[in-house]
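Chemist: Can you keep this structure in mind? I'll have questions shortly.
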Amino acid sequence: MYRPTLIAVSAMTGLSALAAPAAVMADTPRELLTAAAFQAPDKARALALIGQAITASDKILAARPGDHEATLQRGVAIGYRAKLTRSRSDARTSLGIFERLAAQNPRDAEAQMVIAGWHLDAIDQLGGLVARTALGAKTQAGETALSRAVALGGDRAFYPGLAALMQIRKDHGQVAQARRWAEDAATAPTPTPLDTLMKRAALAILPALRKGDGKSAAATARKLLPFGKLTD
């Protein structure tokens, strides 16, 4: 059965919510997915929030067909549902959405980041052979999209910060690259709250990375990624 942990750019806005109460006010698809990924106390609540995000995205798209934000968040929501329900069809649907966004704008850093997450998360959960056979997930495709997202993201903390988390989780032996990205995030500008949150995440794994302790850094990174503390 398929159980990837898609990394949604939108959900990373909720890193600060890891210690917050589960009951939150959320209206937009992005906010609903943040609550699902970081604040839901159990799978049932997470799925309910994901369903609300899909409904909200569909409503926006009915009024504004092709809306980029609604399309992206709908793809993220379907990917999250794939993780929690182990649905291959949902997983493939979400990847199709991300790939269409990337085709429409090859310089869309967010689209590249969620494509990277799709491939690397499937491999993390299933192992390379099963993920490739069942879903077509490929390490090289994920790594290429991850590097592209960082390159396209500009001088901001968000992209190298998230890339550092994903890199060290992928392979705790690849400390050097993860540290480079985390160091970049730690000193990069934070023009938005999202960048501030990812700078904090990078700073959380940097002590272990500076000691060459990839295993500890990877364990911390897993807790900072979507559904990192969901127990069921």
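Chemist: Can you tell me which residue within the stretch 188-203, out of those that are among the hydrophobic types (A, V, I, L, M, F, W, C) and buried (at least 17 other Cβ atoms within 10 Å of the Cβ), is nearest to TYR159 (Cα to Cα)?
Modeler: Keep residues of the stretch 188-203 that are among the hydrophobic types (A, V, I, L, M, F, W, C), which gives 188, 194, 197-198, 201-203.
Still in the running and buried (at least 17 other Cβ atoms within 10 Å of the Cβ): 188, 194, 197-198, 201-202.
On the way: ALA188: 10, LEU194: 10, LEU197: 11, MET198: 8, ALA201: 11, ALA202: 10 Å.
So, considering only residues that are among the hydrophobic types (A, V, I, L, M, F, W, C) and buried (at least 17 other Cβ atoms within 10 Å of the Cβ), the one nearest to TYR159 (Cα to Cα) is MET198.
Chemist: Specify the residue that is surrounded by the fewest Cβ atoms within 10 Å (Cβ to Cβ); the eligible residues are those in the stretch 130-160 that are of a type in the set (A, V, I, L, M) and outside any helix (DSSP H, G or I).
Modeler: Here is the first cut: in the stretch 130-160, the residues of a type in the set (A, V, I, L, M) are 130-131, 134-135, 137, 141, 145-146, 149-152, 157.
Next, only the ones that are outside any helix (DSSP H, G or I) stay: 137, 157.
On the way: ALA137: 25, ALA157: 27.
Filtering first and then ranking leaves ALA137.
Chemist: Here is a further query. Output the number of residues of the stretch 33-50 satisfying the condition of being under 16 Å from LYS223 (Cα atoms), out of contact with any Leu (no Cβ under 6 Å at 6 or more places or on another chain) and part of a helix (DSSP H, G or I).
Modeler: Qualifying residue count for the region: 2.
Each row is one residue, and each column tells you yes or no for (1) in contact (Cβ under 8 Å) with a residue 60 or more places away in the chain; (2) crowded, with 17+ Cβ neighbours inside 10 Å.
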| position | (1), (2) |
| --- | --- |
| VAL175 | no, yes |
| TRP181 | no, yes |
| ALA185 | no, yes |
| PRO207 | no, no |
| LYS215 | no, no |
| LYS229 | yes, no |
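Rundown of residues vs (1) more than 19 Å from LYS83 (Cα to Cα); (2) small (Gly, Ala, Ser); (3) modelled with pLDDT of 95 or more, yes/no style:
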| residue | (1), (2), (3) |
| --- | --- |
| GLU143 | yes, no, yes |
| ARG148 | yes, no, yes |
| ASP155 | yes, no, no |
| PRO160 | yes, no, yes |
| ALA176 | yes, yes, yes |
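Chemist: While we're here: Given the criteria in contact with a Ser or Thr (Cβ under 6 Å, 6 or more places away or on another chain), modelled with pLDDT of 95 or more and not assigned by TED's automatic domain parsing to the domain that holds LYS229, does ARG74 qualify?
Modeler: Numbers: in contact with a Ser or Thr (Cβ under 6 Å, 6 or more places away or on another chain): yes; modelled with pLDDT of 95 or more: yes; not assigned by TED's automatic domain parsing to the domain that holds LYS229: yes.
Here the answer is yes, as ARG74 does meet what is asked.
Chemist: Ok, one more. Filter the stretch 103-113 down to the residues that are buried (at least 18 other Cβ atoms within 10 Å of the Cβ) and of a type in the set (A, V, I, L, M, F, W, C), then identify the one that is farthest from GLY79 (Cα to Cα).
Modeler: Looking only at the stretch 103-113, we keep the residues that are buried (at least 18 other Cβ atoms within 10 Å of the Cβ), and these are 108-113.
Next cut, of a type in the set (A, V, I, L, M, F, W, C) only: 109, 111, 113.
Working: ALA109: 18, ALA111: 13, MET113: 14 Å.
So, considering only residues that are buried (at least 18 other Cβ atoms within 10 Å of the Cβ) and of a type in the set (A, V, I, L, M, F, W, C), the one farthest from GLY79 (Cα to Cα) is ALA109.
Every residue, every condition in (1) outside the structural domain of ALA134 (by TED's automatic domain parsing); (2) more than 25 Å from PHE158 (Cα to Cα); (3) at pLDDT below 95, yes or no:
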residue	(1), (2), (3)
GLY14	no, no, yes
ALA19	no, no, yes
MET25	no, no, yes
LEU32	no, no, yes
ALA35	no, no, yes
ALA53	no, no, no
ASP58	no, yes, no
ARG86	no, yes, yes
ALA91	no, no, yes
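Chemist: In addition: Tell me which residues, restricted to the stretch 62-71, are aliphatic (A, V, I, L, M) and either outside the structural domain of ALA37 (by TED's automatic domain parsing) or without any contact (Cβ under 8 Å) to a residue 40 or more places away in the chain (or both).
Modeler: Answer for the stretch 62-71, where residues must be aliphatic (A, V, I, L, M) and either outside the structural domain of ALA37 (by TED's automatic domain parsing) or without any contact (Cβ under 8 Å) to a residue 40 or more places away in the chain (or both): ALA62, ALA63.
The values are calculated or read from the model by the stated rules, or taken from the named source; none is laboratory data. Not measured: the values here are computed from a predicted model. Here the Cβ is made from the backbone with ideal geometry for all residues, glycine too, and neighbour counts use every protein chain on show.
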